[in-house]
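**Student:** Have a look at this one.
What follows is calculated from the coordinates using simple rules that are stated; it is not laboratory data. Bear in mind that the values here come from a model prediction, so they are computed numbers and not experimental data. Reconstructed Cβ throughout: ideal geometry from the backbone, glycine too, with neighbour counts over all protein chains shown.
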Amino acid sequence: MMMRRQIGIATVGLSMGLGGAGAGAYELKFQDHDYGELKGRIRAISILSARDNGWDPSSGHGYAVTAGYKSPAWNGFRFNAAASLNGDIFNSTDFDPKAGKERTARGLFLNDTGAQKGQLTNINLTFASKQLYAFAGRGQLETPLTKNTYNLVPNAYTVLRVGAKPIEGLDISLGQVTQMSLGTRAMTDWGFIGEATGTAGVAQAPNQAGLGQARFFNLGQIALGPRADDISGMTVASLRYAGLPHTTLSLWNYHVQDIANNVYAEVDAKIPLQGMKLDLGAQYLRQDDVGDGTQGIQGGPAIRANFGDGDLDYNLFGLKAGVIGPKKRWTAHVMWNQSNGDTAFLNAFGGDPAFTSSIFSRNAYRKDVNAWGLRASYQIMPGLRFMAAYFDYGQSETTGGVLNVTPAATPTKDAEEIDLALVYKPKQIKGLALKTFYVNRTSEYDGFVNPRTGNKADATMSHWRLIATYSF
């Protein structure tokens with residue numbers, strides 16, 4: 001059998017095979033017969049240093065091996081499958097941390113012990129022609145309110161979606177999402193980034209009794225808790241137009257039965273400017289309750305305080321402006337978000353479109369936040385890039401949890417984050433990427449004092465980690 005490396009085919013809004021596995025693929029050929037393509041990825045993440053304050057994740061060494069298959073096309077149809085295996089590297093992670101001193105980076109693993117665990121994340125049938133496309137099955141759903149940063153094993157969804165491109169530049173689609181499976185990073189989105197607010201992509205603690213990761217659940221349980229009733233799911237409709245010069249307009253509507261209706265709109269423009277590009281964007285996100293909304297939502301005091309009355313009333317406005325240098329050798333951007341309304345954003349299904357989201361902060365989805373940020377990157381030499389960013393988040397009106405201090409804290413100050421990253425992709429080894437980053441972060445709950453115990457929150461971060469990825 002002959003195996004020949006080639007560049008993978010771009011998807012149309014849904015992952016057709018192996019989400020995030022890299023650009024390469026192995027084409028399977030035998031006697032001029034096409035038997036499809038194989039992809040794979042090995043990734044390891046290790047925490048090098050962190051603060052010993054019981055809040056900054058100080059111990060974590062995780063890996064994931066992912067493999068995917070894409071069948072040959074038959075009249076536009078393809079079969080796709082992908083699976084991931086995750087675990088602790090050489091049993092080196094401390095899963096019994098000292099309270100107030102250490103914290104396990106639980107977001108690197110699919111369970112509380114780091115024991116090896118796998119999942120068939122993708123199994124689906126796709127169709128693509130010049131003007132039509134479709135997806136049926138399980139996989140990643142790349143839309144603004146379901147596409148989320150992930151580290152080792154991604155979130156996955158059970159989806160039926162169809163789309164059309166009736167004229168040049170116009171893309172319309174309609175889909176139904178009935179189930180979701182929480183990946184490794186879901187625990188970070190719930191606890192460390194989300195701080196039990198339900199606003200950072202997960203609305204329920206993934207490791208609570210009746211839920212879990214790498215398992216598919218009805219969207220009712222994903223949003224409201226393991227004892228919630230099943231719902232029919234989330235209906236997703238979209239309209240995208242790229243027929244204007246250098247500009248793309250997008251409009252999305254997400255209707256979740258008996259919970260919420262979400263509208264998201266975005267304008268993205270990349271205008272040529274003397275060998276460079278002016279990068280401009282605007283966004284708007286609106287959420288309203290549907291039916292009983294979140295009334296009776298399960299979970300701790302923070303999530304119930306934020307959403308338990310059943311009301312959802314949230315707006316997010318955003319702007320960004322930047323310059324992309326010649327051949328992307330350097331970039332520089334400034335971004336802004338403002339949220340308002342009577343509640344925070346119930347962010348249950350992995351969404352993260354806000355311009356001011358950083359590595360470990362998504363505060364723009366909280367109630368009444370003014371956020372801004374600066375981000376820049378520079379190519380030191382081919383294959384080596386340095387990135388830096390600073391974000392400031394105004395003090396919100398959202399109840400959150402602080403590990404080992406209180407499950408219901410009120411904000412005490414503005415939050416901020418500094419990110420520094422170095423990425424190396426050596427040309428000599430195709431598919432290899434090495435990334436190291438440092439994050440300095442202060443939570444808006446830093447300094448909160450539990451009135452019952454007197455414990456004071458040291459919710460500050462000084463964190464350095466290394467990520468190695470090989471895609472093949």
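**Student:** State to the nearest 20 debye the size of the charge dipole of the chain about its Cα centre, where the only charges are +1 on K and R beta carbons and -1 on D and E beta carbons.
**Tutor:** 2040
**Student:** Between G373, T406, L316, whose Cα lies farthest towards the positive end of the dipole of the stretch 313-463 when Lys and Arg beta carbons carry +1 and Asp and Glu beta carbons carry -1, centred on the Cα centre?
**Tutor:** Value: G373.
**Student:** In straight Cα distance, which lysines are under 21 Å from K413, not counting same-chain residues fewer than 8 positions off?
**Tutor:** Those lysines meeting the cut-off are K367, K456.
**Student:** So for I359, I303, I167, I297, fewest C-beta neighbours within 10 Å to most, what's the order?
**Tutor:** Going from sparsest to densest Cβ surroundings: I167, I359, I297, I303.
**Student:** Based on other C-beta atoms within 10 Å, arrange W372, W74, W55 from fewest to most.
**Tutor:** W74, W372, W55
**Student:** Another one. Which lysines have a Cα lying under 20 Å from the Cα of K320, excluding residues fewer than 8 positions away in the same chain?
**Tutor:** K147, K270, K277, K328
**Student:** For the pair S129 and T235, what calculated FRET efficiency results from E = 1/(1 + (r/R0)^6), where r is the Cβ-Cβ distance and R0 = 30 Å, to the nearest 0.05?
**Tutor:** For R0 = 30 Å, the calculated efficiency reads 0.80.
**Student:** Would you mind ranking E168, E142, E444 by Cβ crowding within 10 Å, fewest neighbours first?
**Tutor:** Listed from fewest to most nearby Cβ atoms, that is E168, E142, E444.
**Student:** Excluding Y438 itself, calculate the net charge of residues whose Cβ lies under 14 Å from the Cβ of Y438, where each Lys or Arg counts +1 and each Asp or Glu counts -1.
**Tutor:** Around Y438, the surrounding residues sum to +1.
**Student:** Another question about this same structure. Over the stretch 2-471, calculate the relative contact order: mean separation of alpha carbon pairs under 8 Å at least 6 apart, over the residue count, as a percent.
**Tutor:** The value is 12 percent.
**Student:** Which one, A228, L110, V177, is farthest towards the positive end of the dipole of the stretch 2-471 when Lys and Arg carry +1 and Asp and Glu -1 on their Cβ?
**Tutor:** Of the listed residues, the answer is L110.
**Student:** Enter the per residue convex hull volume of the chain, computed from alpha-carbon coordinates, in Å³ rounded to the nearest integer.
**Tutor:** 144
**Student:** Follow-up. So what is the relative contact order of the stretch 225-339, in percent, for Cα pairs below 8 Å that sit 6 or more residues apart?
**Tutor:** So the answer I get is 20 percent.
**Student:** Could you tell me which of Q131, A73, S462 has its Cα farthest along the dipole of the chain towards the positive end, charges placed at Cβ (Lys, Arg +1; Asp, Glu -1), taken about the Cα centre?
**Tutor:** Checked the options; the winner is A73.
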